[in-house]
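> The structure is given below, and queries will be raised subsequently.
The values are calculated or read from the model by the stated rules, or taken from the named source; none is laboratory data. Remember, predicted model here, so these are calculated numbers, not experimental data. Here the Cβ positions follow ideal geometry from the backbone for every residue, glycine too, while neighbour counts run over all protein chains shown. Keep in mind that these areas ignore ligands, DNA and RNA; they rest on the heavy atoms of the full protein, side chains included. Shrake-Rupley method; radii C 1.70, N 1.55, O 1.52, S 1.80 Å.
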Amino acid sequence: MENIRNFCIIAHIDHGKSTLADRMLQQTNTITDREMQNQVLDDMDLEREKGITIKSHAIQMEYDFEGTPYQFNLIDTPGHVDFSYEVSRAIASCEGALLVVDATQGIQAQTISNLYLAVNHDLDIIPIINKIDMDAAMVDDVKDQIVDLLGCKRDEIICVSARTGFGVDLVLESIITRIKPPSGDSNAPLQALVFDSVFNSFRGIIAYFRVFNGTLKSGDKVKFFNTGKTYYAEEIGYMKMKLMPKQEIKAGEVGYIISGMKNAVDVKVGDTLTNFENPCKTSIAGFEDVKPMVFAGIYPVDNDAYEDLRASMEKLQLNDASLTFEPESSLALGFGFRCGFLGLLHMEIVQERLFREFNMDVITTVPNVSFKVYTTKKEIIDVHNPSGLPAATLIDYIDEPIIQAQVITKSEYLGQVMKLCIDKRGILKSQIFLTSDRVELTFTMPLSDIVIDFYDKLKSISRGYASFDYFLNGYQRADLVKLDILLNGEMVDALSSLIHRDYAYNFGRKMCEKLQELIPRQQFDIAIQAAIGAKIIARETVKAVRKDVTAKCYGGDISRKRKLLEKQKKGKRRMRQVGNVEVPQEAFLAILKLD
Ligand code: GDP
Ligand code: MG
């Protein structure tokens, strides 16, 4: 065990975790230069395209140091605010963390929040400044920030360029000299933490684990501590660039298990794996339960695809323990699922993955948070959906989730960031200057006000120089009304929202205007109305047209005509018939696009 190091890389998004991982894989010859493509660990297409790490990935490397071979287990973690759950699972499986900070950006909100997680788990931290090859690198300033934050010495900070590979050898050495080896007893009963799982259509479920105590042998009968399910360890091994079968995995090591598990519910990430005949006494702590923060309906574009959608969601859930869903039905959209997400980016990714990996075309509805409704019958109901709200006469009061939000920004944007947070009903709790031009603001604010468009706005007013993190911080009384949208007099339940009474009129008006823009003209007038109860508060009309889009081409240019027709056809995808009106996907998310 002396020769094993388990570590993760934590950083704010885009600070260079995946690129640093690439260089380490190369310098340890885990991957040949020929096999190398950028950010190899991001093997999902979607990750490559968005350039972000969605899932954590684990990989083993071998590294010789002063004649002694070491086994490194690297767990790559995502840095986006929506995925902090994945970060916490990775951290619980490691003894050390590389804290990567971009030399041109300095410390950002997720640098701090991930660092707190790591410090709470007693990890040894190696601070690294990345991207020192860039002209805009402010190495000295960033060193000051890191020293302030960690209380470390300046010369403990390693400067690297993950792009060129400069300094990476020093990182590899420091992993050995500065991160403690794992401890644990290979002869004790098996106690292993399941930190991830993937579904493979050929092999079923592959679960990744870290052994804390004991030894897992191929063929052993194993038991999941929390679910109580038992299996035989058909194949166990190490994760290299490919799966590498082994006869046994010992305390301190990281490995995978394949054991005929076929169902999403069979593996609970965060569960403890133990031996059936000789089980451990307690499960491993250090895992949080996943708490979805944002809820939205997901419906198949094609009504008949409901069962296919269910199967796809179950498979997706294997890879994504933070996705929750339950069946729901909508008058407008038919049968679908109410899903819980960690945040808006997560929601977008789920929709994209359903489309790409499962060929499922879906409509997502207006996201909302979960409210606690106290009824006059003294019941408490968790409402994840505006249409799930009890009748007004039965409601005593409603509580909404409140978050504590932390924003770090350059001082020049302080005024605008402050205004944005206050517009979103934020209450300033503290304002701390980290350096002369960087300030950390702490607000409490209702979660419902940030799920809509907070993040995008924050990015744009600060030109990307503000970072943001939050956690749930209790519930608070809220004066909410249900705002309905009617199309040609018919209520579209999927467009309803719960909103603060003070904002309702303005919001209703904007929704109608936006929907008028988004709903294409049809062969009859479409009335769009916003209503609170029986009272109509706003109205717009989409005028009828019978438009031949090719008419404008004067019959001349055939290829242009074809392009136009194709464009029109594409535009038809993700449309739903609601009553006699065709409503495009964008309309169901109109709420996200209001100014
Ligand atoms: P992650 O989100 O932390 O995983 O960040 P990535 O590894 O995906 O890197 C984000 C971006 O920064 C990519 O475009 C990288 O090519 C770039 N990048 C990473 N490290 C360096 C570096 O040392 N120098 C320069 N110039 N760019 C880098
Ligand atoms: Mg990455």
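> Has region 447-459 got any residue that is crowded, with 18+ Cβ neighbours inside 10 Å, of a type in the set (Asp, Glu) and at pLDDT 90 or above?
no
Results for (1) within 20 Å of Lys250 (Cβ to Cβ); (2) in contact with a strand residue (DSSP E or B) (Cβ under 8 Å, 6 or more places away or on another chain); (3) free of Cβ contacts under 8 Å to residues at least 40 places away in the same chain, shown as yes or no for each residue.
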position	(1), (2), (3)
Val168	no, no, no
Arg178	no, yes, no
Asn187	yes, yes, yes
Ser197	no, yes, no
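> Here's something else I'd like to know. Answer with yes or no whether Ala527 is of a type in the set (A, V, I, L, M), in a helix (DSSP H, G or I) and within 16 Å of Ala587 (Cβ to Cβ).
Here the answer is no, as Ala527 does not meet what is asked.
> Just one of (1) assigned to a loop (DSSP other than H, G, I, E, B); (2) within 15 Å of ligand 1 (Cβ to nearest atom) trips up Ile128, so point out which.
Ile128 satisfies every listed condition except (1).
The rows are residues; the columns are (1) under 26 Å from the mean Cα position of the chain (by Cα); (2) closer than 17 Å to Gly343 by Cβ.
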{"position": "Ala405", "(1), (2)": "yes, yes"}
{"position": "Thr409", "(1), (2)": "yes, no"}
{"position": "Leu414", "(1), (2)": "no, no"}
{"position": "Lys424", "(1), (2)": "yes, yes"}
{"position": "Gln431", "(1), (2)": "no, no"}
{"position": "Ser436", "(1), (2)": "no, no"}
{"position": "Leu441", "(1), (2)": "yes, no"}
{"position": "Thr444", "(1), (2)": "yes, no"}
{"position": "Asp449", "(1), (2)": "yes, yes"}
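> Can you say whether Lys180 is closer than 22 Å to Tyr256 by Cβ and charged (D, E, K, R), as far as the supplied structure shows? Even if it seems obvious, please write down each step before you answer.
Values: closer than 22 Å to Tyr256 by Cβ: no; charged (D, E, K, R): yes.
Taking the combined requirement at face value, the residue does not satisfy it.
> Something else about it: Identify, from the list Val254, Val301, the residue that is open to solvent by less than 10 Å² (accessible area, probe 1.4 Å) and over 26 Å from Ile402 (Cα atoms). Let's see the steps before the verdict.
Values: Val301 fails: open to solvent by less than 10 Å² (accessible area, probe 1.4 Å).
Val254 is the lone residue from the list that is open to solvent by less than 10 Å² (accessible area, probe 1.4 Å) and over 26 Å from Ile402 (Cα atoms).
> Are any residues in region 437-446 open to solvent by less than 10 Å² (accessible area, probe 1.4 Å) and either of a type in the set (Val, Ile, Thr) or within 26 Å of Leu498 (Cβ to Cβ) (or both), and if so, which ones?
The answer is Val439, Phe443, Met445, Pro446.
> Residue by residue through region 415-436, note down the ones that are open to solvent by less than 80 Å² (accessible area, probe 1.4 Å) and part of a helix (DSSP H, G or I).
Matches in region 415-436: Gly415, Val417, Met418, Leu420, Cys421.
> Further question: State all residues of region 324-379 that are surrounded by 22 or more Cβ atoms within 10 Å (Cβ to Cβ) and more than 21 Å from Ser496 (Cα to Cα); if no residue qualifies, say none.
Correct list: Leu342, His346, Ile349, Val350.
> Tally up the residues in region 485-522 that are among the acidic types (Asp, Glu) and either closer than 30 Å to Ile408 by Cα or in the same structural domain as Val407 (by TED's automatic domain parsing) (or both), please. Outline the logic, then answer.
Just the residues of region 485-522 that are among the acidic types (Asp, Glu), to begin with: 490, 493, 502, 513, 517.
Applying the additional criterion that residues be either closer than 30 Å to Ile408 by Cα or in the same structural domain as Val407 (by TED's automatic domain parsing) (or both) yields 502.
Qualifying residue count, region 485-522: 1.
> Could I ask something else about it? From Ile499, Ile485, grab the single residue that is under 32 Å from the mean Cα position of the chain (by Cα), over 17 Å from Ala587 (Cβ atoms) and surrounded by 21 or more Cβ atoms within 10 Å (Cβ to Cβ). Show your work before the answer.
Working: Ile485 fails: over 17 Å from Ala587 (Cβ atoms).
Only one candidate qualifies: Ile499.
> Might you check whether a residue that is under 30 Å from Ser88 (Cα atoms), in contact with a strand residue (DSSP E or B) (Cβ under 7 Å, 6 or more places away or on another chain) and surrounded by fewer than 19 Cβ atoms within 10 Å (Cβ to Cβ) occurs anywhere in region 403-412?
If we filter region 403-412 for residues that are under 30 Å from Ser88 (Cα atoms), which is where we start, we get 403-410.
Now restrict to residues that are in contact with a strand residue (DSSP E or B) (Cβ under 7 Å, 6 or more places away or on another chain): 403-410.
If we keep only those that are surrounded by fewer than 19 Cβ atoms within 10 Å (Cβ to Cβ) too, we end up with 404, 410.
Yes, the conditions are met somewhere in region 403-412.
> Evaluate the following for Asp185: is it closer than 23 Å to Leu434 by Cβ and open to solvent by 20 Å² or more (accessible area, probe 1.4 Å)? Give the steps one after another, and end with the answer.
Details: closer than 23 Å to Leu434 by Cβ: no; open to solvent by 20 Å² or more (accessible area, probe 1.4 Å): yes.
Considered against the rule, which asks whether it is closer than 23 Å to Leu434 by Cβ and open to solvent by 20 Å² or more (accessible area, probe 1.4 Å), Asp185 comes out as no.
> Evaluate the following for Val119: is it touching a strand residue (DSSP E or B) at 6+ places or on another chain (Cβ under 8 Å), surrounded by fewer than 18 Cβ atoms within 10 Å (Cβ to Cβ), free of Cβ contacts under 8 Å to residues at least 12 places away in the same chain and not in a loop (DSSP other than H, G, I, E, B)? It would help to see each step written out before you state the result.
Values: touching a strand residue (DSSP E or B) at 6+ places or on another chain (Cβ under 8 Å): yes; surrounded by fewer than 18 Cβ atoms within 10 Å (Cβ to Cβ): yes; free of Cβ contacts under 8 Å to residues at least 12 places away in the same chain: yes; not in a loop (DSSP other than H, G, I, E, B): yes.
Here the answer is yes, as Val119 does meet what is asked.
> Under 6 Å between Cβ atoms, which residue pairs at least 6 apart in sequence (or on different chains) link something in region 60-76 that is more than 16 Å from Phe195 (Cβ to Cβ) and more than 16 Å from ligand 1 (Cβ to nearest atom) with a partner that is in a strand (DSSP E or B) and β-branched (Val, Ile, Thr)?
Matching pairs, first to second residue: Gln71/Ile4.
> Sticking with this structure for a sec: Taking the options Arg89, Arg163, Arg154, name whichever one is open to solvent by 40 Å² or more (accessible area, probe 1.4 Å) and either more than 16 Å from ligand 1 (Cβ to nearest atom) or assigned by TED's automatic domain parsing to the domain that holds Lys221 (or both). Break it down stepwise before answering.
Details: Arg89 fails: open to solvent by 40 Å² or more (accessible area, probe 1.4 Å); Arg163 fails: either more than 16 Å from ligand 1 (Cβ to nearest atom) or assigned by TED's automatic domain parsing to the domain that holds Lys221 (or both).
Every option except Arg154 fails the conditions.
> May I pose another question? So which pairs qualify, if the first residue must be in region 385-412 and in contact (Cβ under 8 Å) with a residue 12 or more places away in the chain and assigned to a loop (DSSP other than H, G, I, E, B), the second must be of a type in the set (Lys, Arg) and open to solvent by less than 40 Å² (accessible area, probe 1.4 Å), the Cβ gap must be under 6 Å, and the two must be at least 6 apart or on different chains?
Asn385/Arg338
> Being more than 6 Å from ligand 1 (Cβ to nearest atom), open to solvent by 10 Å² or more (accessible area, probe 1.4 Å) and either modelled with pLDDT of 90 or more or aromatic (Phe, Trp, Tyr) (or both) is the filter here, so list the residues in region 12-25 that pass it.
Of all residues in region 12-25, those more than 6 Å from ligand 1 (Cβ to nearest atom) come to 12, 20-25.
After this cut, where a residue has to be open to solvent by 10 Å² or more (accessible area, probe 1.4 Å) as well, the list is 12, 23.
Residue satisfying the conditions is Arg23 alone.
> Any idea which of Gly204, Gly219 is outside the structural domain of Thr409 (by TED's automatic domain parsing) and open to solvent by 10 Å² or more (accessible area, probe 1.4 Å)?
So the residue among Gly204, Gly219 that is outside the structural domain of Thr409 (by TED's automatic domain parsing) and open to solvent by 10 Å² or more (accessible area, probe 1.4 Å) is Gly219.
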